[in-house]
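Encoded as structure tokens, the structure appears first; notes follow it.
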Amino acid sequence: MEEAGSGEISDKELRKRVIYSLLKSSVKLARVFGVPLKELVSWLETAYFHEIRSTGVTLKETSDLLGVSQRTTVRLSKQLRESFFLPEIVHSIPRQIEFMLWSRPMGIARIKQVLPNLEAKDIEEAVAELLRTGRIKERHGRTLMYEAVSNVRRLPRDNWMAQIGGLNSFVDTLTNATYGRFFKKEQRAFARTASFPVPRGQVELLGKLYEDVILPRLTEISKDGEQCEDGEPMQLSLAWAPYDYLNTDKTDDKSEE
């Protein structure tokens, strides 16, 4: 991924090209599964509305940012709550809170203040789940605070919501790295792609590389970070797959009614 700033195109043109590139992964899958354009556009509207509302703005402000009427934003709000995206939204709340607590401990009141668009009940249930699974811990004092258990963690992917949560984390990392490298010249944002042949039938060598080399080293780095007062939360995602996998897959799995 090359840094921006060469002067070859305008900032506006660069933004368009980057967003277009990031959309291509979605439309590739839509093409594979035969998703109608109208349905894909509807999902895009919902996702854009969801993203803007998650920043804490009002419906009126959301209308202005989207450039649509308030009637449309009300429709999108209803569509978001009543659509099949709801289980995913609820499942993502613990991850969102956990990431916030990596930055600094917070009490329940502060968490609710930072996440004004979430229901108080959903936040309380998410905090309880994080405590139950050992991903955060209590810090007792004048006010009860919660802090993340800062270590390299691997969440189980034994159900579809957990897998979608993992996908969301991966996409968040990709998006942050893209923004940092293209628009901020941020050296802490890093992205590389390597293409190479693997001996036939030995793809498990890549998994072994992760388990035996990369993960232990990440754990060491994380422990060092815990001991620093200014330790910085970071996210790292890895992915591998056969080259041009979508174009070589012969399945005909079209979308269902």
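The values are calculated or read from the model by the stated rules, or taken from the named source; none is laboratory data. Fair warning: this is a prediction, and the values are worked out from it, not measured in the lab. Counting neighbours? That spans all protein chains shown, and the Cβs are built from the backbone with ideal geometry, glycine included.
Tell me, please, whether a residue that is on the phi > 0 side of the Ramachandran plot and not hydroxyl-bearing (Ser, Thr, Tyr) can be found in the stretch 180-189. Yes, that holds for at least one residue. Each residue in the stretch 35-69 was checked for being touching a Phe, Trp or Tyr at 6+ places or on another chain (Cβ under 7 Å) and under 22 Å from residue 20 (Cα atoms), and 2 pass. Cβ-Cβ contacts under 6 Å between residues 6 or more apart (or on different chains), taken from a first residue in the stretch 186-198 that is in contact (Cβ under 8 Å) with a residue 40 or more places away in the chain to a second residue that is surrounded by 10 or more Cβ atoms within 10 Å (Cβ to Cβ), are listed as 191/1; 191/177. Among the residues of the stretch 29-83, those that are of a type in the set (Val, Ile, Thr) and over 30 Å from residue 111 (Cβ atoms) comprise 32, 35, 41, 68, 72. The sole residue among 60, 12, 38 that is in contact with a helix residue (DSSP H, G or I) (Cβ under 7 Å, 6 or more places away or on another chain), loosely packed, with under 11 Cβ neighbours inside 10 Å and modelled with pLDDT of 90 or more is 60.
When you go through 79, 113 one by one, which is the residue that is surrounded by 12 or more Cβ atoms within 10 Å (Cβ to Cβ) and of a type in the set (S, T, N, Q)? Walk me through how you get there before you give the answer.
Details: 113 fails: surrounded by 12 or more Cβ atoms within 10 Å (Cβ to Cβ).
Checking each option against the conditions leaves just 79.
Looking at this structure, is residue 243 at pLDDT 90 or above and over 20 Å from residue 148 (Cα atoms)? Answer is no for this residue.
Tell me whether the stretch 38-55 contains one or more residues that are more than 19 Å from the chain's Cα centre (by Cα) and under 18 Å from residue 167 (Cβ atoms).
Among the residues of the stretch 38-55, at least one is more than 19 Å from the chain's Cα centre (by Cα) and under 18 Å from residue 167 (Cβ atoms), which makes the answer yes.
Taking the numbered list (1) surrounded by 13 or more Cβ atoms within 10 Å (Cβ to Cβ); (2) under 22 Å from residue 32 (Cβ atoms); (3) of a type in the set (Phe, Trp, Tyr) in turn, residue 183 passes all entries but (2).
Which of the residues that make up the stretch 41-64 are part of a helix (DSSP H, G or I), of a type outside the set (Ser, Thr, Tyr) and under 21 Å from residue 172 (Cβ atoms)? Break it down into steps so the answer makes sense when it comes.
Residues of the stretch 41-64 that are part of a helix (DSSP H, G or I), as a first pass: 41-53, 59-64.
When the remaining residues are screened for being of a type outside the set (Ser, Thr, Tyr), the result is 41, 43-45, 47, 49-53, 59-61, 64.
Across the stretch 41-64, the qualifying residues are 43, 44, 45, 47, 49, 50, 51, 52, 53.
Regarding the stretch 11-20, can at least one residue be identified that is under 21 Å from residue 71 (Cβ atoms) and in contact (Cβ under 8 Å) with a residue 60 or more places away in the chain? Scanning the stretch 11-20, I find no residue that is under 21 Å from residue 71 (Cβ atoms) and in contact (Cβ under 8 Å) with a residue 60 or more places away in the chain, so the answer is no.
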